[in-house]
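What follows is one structure encoded as structure tokens, with my remarks underneath.
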Amino acid sequence: MLDIKFIRENKNIVQAGAKKKHVEIDIEKLITLDDERLKVLKEVEDLRAEVNRVSSGISRDQESSHKVQLIEEMRIVKEEIKEKEEKLKQIIEEWQKLMLQVPNVPDISVPDGETDAENQEVKVWGEIPKFDFTPKSHVELMLLHDMADFERGSKVAGFRGYFMKNDGARLEWALMRFVEDRFIDREGFTPMIVPSLLRRESFVGTGYLPQSEDDLYKTQDDTYLAGTAEVAMMGYYMNEVLDKKNLPLKFFCFSPCFRREAGSHGKDTKGIFRIHEFVKYEQVVLCEASHEESRRLHEELTANSEALLQELQLPYHVVVNCGGDLGLGQVKKYDIEAWMPSDNKYRETHSSSYFHDFQTRRLGIRYKDENGKLHFVHSLNNTALAMPRIMCQIVENYQQADGSIKIPEVLRKYMGGREFIK
RNA sequence: GGAUGGGUGGCGGAGUUGGUCUAACGCACUUGUCUUGAAAACAAGAGUGCCGCAAGGCACCGUGAGUUCGAAUCUCACCCCAUCCGCCA
């Protein structure tokens, strides 16, 4: 959510930002509605002031015809207030609905474009492997080594269901231990295991609701399953005032993730690239309200993830997402995509974004600066490692002519010191 | 799921026969005095949001409705927390 004052003072910027994100919204309409809101608000407040003034003049023990008359007059004013309040309530409802739809303004460095096809490559790392044989897909490789079971997966869990098995399970656990070791060594990150079954507020606060109702699983208790640890982690400090000297707060979070993948029924239907249930380690950061600080940390979070891919020796590139591929709250986003031989292209493994105060304004997360003034903190997040997706790229890039899979060196110590899966 | 007790400011904690209560008191905080400096002590100040150029006004004591001229205080619903019982990894 943006500040209505900011919207009023920068309506052209906000409107242009929405256009860049390919979001339909009429800012002029919102401002007209806001004028109406302010007008009626003033009327209500003036009437309430009158009632307060008169009421405080009426004392308990005073008994007179004058008192009776005043009470009668106030009864009438109260009727009027009730009417205006009802009107105000309706305006505010409409106003809030619109406010939740106003997207955050993308950074100037964000390229124009409508879909991920128009994202721009900003960095390439590693050598794309050349095979002198026809490389197998991760599905073929995993089945070959009995690392996963998709038939029984869908029998038991339905569409996109899967079991990880044998070296598949061990490789996933190895990756978990690897990423945990790296982040626990890293200064400043607080390790967190966060809930996935959450109440609605944090989804609205982070910007997933109300727009993406279809992408979330909802329970009969009106809670939702989160698709990322970001939602719970951001909810953690909801409606709290933080101490500036503790900023930035950095969290290394683990959670199960659930995504309905509504609207991508035809995409990536085989294997473990796109699944309904997985686990993910996520970096979440809260920092002071400074664009420079947000940018600095954004680069830092991105670099952290790149370092993991480099250690895993996976060729990847970084793209800056175009306006149309940004979420409602995101100011800027990098996707990191690792090379996927079976698709002959890079496929997303990480997503790194910053939001300024878009999320924290909705969540009410503030800090006091040295002058005692309150500000909304800035928020950022990036994947640390998502499993089992990353295994697609690992097994495919590390496959050998004989069908065996070389184990990345940094993972061997978690796999009994073995060099190959065969 | 059952029973009981609770939800007040950055924190702790008063206040419920409805009437200047944004709310005692303590801690933390800011400024000043003292001190070489700090601590301590003393003095003063300070809640948050919104409207307004300002003066000032309005709202906020878990959330939402309601009663009343007037609600932190009364009524109803809901949410959350604690403890005990039940169940359970």
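For beta carbons closer than 9 Å, sequence separation of 6+ or different chains, a first residue in segment A:402-417 that is farther than 13 Å from A:L312 by Cα and a second that is of a type in the set (A, V, I, L, M) and assigned to a loop (DSSP other than H, G, I, E, B), the qualifying pairs are A:I405/A:M147; A:M415/A:I407. Summed over segment A:178-200, the residues that are touching a residue at least 40 places away in the same chain (Cβ under 8 Å), in a helix (DSSP H, G or I) and surrounded by 13 or more Cβ atoms within 10 Å (Cβ to Cβ) give a count of 5.
Residues in segment A:370-385 that are hydrophobic (A, V, I, L, M, F, W, C), part of a strand (DSSP E or B) and crowded, with 16+ Cβ neighbours inside 10 Å: A:F376, A:L380, A:A384, A:L385. Apart from one condition, A:E93 fits all of (1) of a type in the set (D, E); (2) surrounded by 11 or more Cβ atoms within 10 Å (Cβ to Cβ); (3) free of Cβ contacts under 8 Å to residues at least 40 places away in the same chain; the exception is (2). Candidates in segment A:214-230 are the residues that are in contact with a strand residue (DSSP E or B) (Cβ under 8 Å, 6 or more places away or on another chain) and of a type outside the set (A, V, I, L, M, F, W, C); of these, the one that is nearest to RNA strand B (Cβ to nearest atom) is A:T223. Within segment A:65-82, not a single residue is at positive phi and either at pLDDT 95 or above or near RNA strand B (Cβ under 8 Å from one of its atoms) (or both). Take the conditions in a loop (DSSP other than H, G, I, E, B), at pLDDT 95 or above and not β-branched (V, I, T) and apply them to A:S342. Does it pass? For A:S342, the condition - in a loop (DSSP other than H, G, I, E, B), at pLDDT 95 or above and not β-branched (V, I, T) - is met. Within segment A:364-378, does at least one residue satisfy the condition of being within 24 Å of A:S305 (Cβ to Cβ) and out of contact with any Asp or Glu (no Cβ under 9 Å at 6 or more places or on another chain)? Taking every residue of segment A:364-378 in turn, none turns out to be within 24 Å of A:S305 (Cβ to Cβ) and out of contact with any Asp or Glu (no Cβ under 9 Å at 6 or more places or on another chain).
Each residue in segment A:334-368 was checked for being within 16 Å of RNA strand B (Cβ to nearest atom) and over 24 Å from A:D107 (Cβ atoms), and 2 pass. Given the structure, is A:N52 more than 23 Å from A:V204 (Cβ to Cβ), without any contact (Cβ under 8 Å) to a residue 24 or more places away in the chain and either in a loop (DSSP other than H, G, I, E, B) or within 33 Å of the chain's Cα centre (by Cα) (or both)? So A:N52 fails the test.
Candidates in segment A:1-28 are the residues that are in a loop (DSSP other than H, G, I, E, B) and among the charged types (D, E, K, R); of these, the one that is nearest to A:L363 (Cα to Cα) is A:D3. Against the definition (touching a residue at least 60 places away in the same chain (Cβ under 8 Å) and either part of a helix (DSSP H, G or I) or within 16 Å of RNA strand B (Cβ to nearest atom) (or both)), how does A:L98 come out, yes or no? Yes; evaluated as a whole, the condition is true for this residue. Taken over segment A:404-418, the criterion of being assigned to a helix (DSSP H, G or I) and surrounded by 18 or more Cβ atoms within 10 Å (Cβ to Cβ) is satisfied by A:L411 alone.
For (1) closer than 23 Å to A:L2 by Cα; (2) more than 16 Å from RNA strand B (Cβ to nearest atom), each residue gets a yes or a no:
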residue: A:E187; (1), (2): no, yes
residue: A:T190; (1), (2): no, yes
residue: A:V204; (1), (2): yes, no
residue: A:P210; (1), (2): yes, yes
residue: A:A232; (1), (2): yes, no
residue: A:Y236; (1), (2): yes, no
residue: A:L242; (1), (2): yes, no
residue: A:Y281; (1), (2): no, yes
residue: A:E288; (1), (2): yes, no
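For A:N246, the criteria (1) polar (S, T, N, Q); (2) within 16 Å of RNA strand B (Cβ to nearest atom); (3) under 26 Å from A:R389 (Cα atoms) hold in every case but one, which is (3). Taking segment A:1-49 as the search range and keeping residues that are within 14 Å of RNA strand B (Cβ to nearest atom) and in contact (Cβ under 8 Å) with a residue 60 or more places away in the chain, which one is surrounded by the fewest Cβ atoms within 10 Å (Cβ to Cβ)? Going through the qualifying residues, I end up with A:D3. Taken together, A:G323, A:G327 contain a single residue that is out of contact with any Asp or Glu (no Cβ under 7 Å at 6 or more places or on another chain), within 17 Å of A:V14 (Cα to Cα) and not aromatic (F, W, Y), which is A:G327. Within segment A:216-230, residues that are at positive phi reach partners that are within 16 Å of RNA strand B (Cβ to nearest atom) and at pLDDT 85 or above with beta carbons closer than 8 Å, at six or more positions or on different chains, in the pairs A:D222/A:R199; A:D222/A:R200.
The values are calculated or read from the model by the stated rules, or taken from the named source; none is laboratory data. As the structure is a prediction and not an experimental result, all values here were calculated from the model. Cβ coordinates were reconstructed from backbone atoms using ideal geometry, including for glycine residues, and neighbour counts include every protein chain displayed.
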